[in-house]
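See structure below.
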Amino acid sequence: MRLLLAAGVLCTAFLVVYLPDVGHGFVKDDFFWILSSRSEQPSDLIALFTSNVGFYRPLVALTFAADYRVWGMQPFGYGLTNLIVFGGCAVFLYALARRLTLPPAAALLATAVWAFNFH
């Protein structure tokens, strides 16, 4: 129960910090990623896994392609996708830490250190 409460506090703190900034615009190379990830037909999706547009990030390109298809050029959708992907990564990181035999509290701490790394 304490662990669940601690996880809830950490999730709330994260959302208080990051949620106000979700979807407030694109930054730096986002426009390039959107342009290079657009897919007009299903066969274009294969190119996301076989091409290199500076460095190889096929899953990032796939999320940009899906976001463009759903949201167009509305930054809120892209921010929401990033937040959802982040949450999924945090869950998987916790599961990995537990799988590596860290106690639940240590796994939660490891996930929190990763989540609140401002770099």
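What follows draws every value from the coordinates through simple rules; no lab data is involved. Predicted model only: the values in this text are computed from it and were never measured. Every residue, glycine as well, gets a Cβ built from its backbone with ideal geometry; the counts of neighbours run over all protein chains shown.
Backbone amide hydrogens, once placed in the peptide plane, bring residue 38 within less than 5 Å of nothing, excluding anything fewer than 5 places away on its chain. The mean sequence distance of close C-alpha pairs (under 8 Å, at least 6 residues apart), as a share of the length of the chain, puts its relative contact order at 29 percent. Here is how the number arises for the chain: DSSP H runs of 4 or more residues each give -39500 (n - 2.57), the sum is divided by the residue count, and the result at 222 nm is -23000 deg cm²/dmol. Taking all Cα-Cα distances within the chain, those exceeding 16 Å account for 67%. Between residue 45 and residue 1, the simple label model (points 7 Å from Cα in the Cβ direction) yields a spacing of 4.6 nm.
Put simply, the C-alpha atoms of the range 64-112 give a gyration tensor, and the ellipsoid matching it has half-axes of 32, 9, 5 Å, longest first. When +1 charges are put on Lys and Arg Cβ atoms and -1 charges on Asp and Glu Cβ atoms, the dipole computed for the chain relative to its Cα centre reaches about 440 debye. Over the C-alpha trace of the range 1-65, radius of gyration and Dmax come out as 17.3, 49 angstrom.
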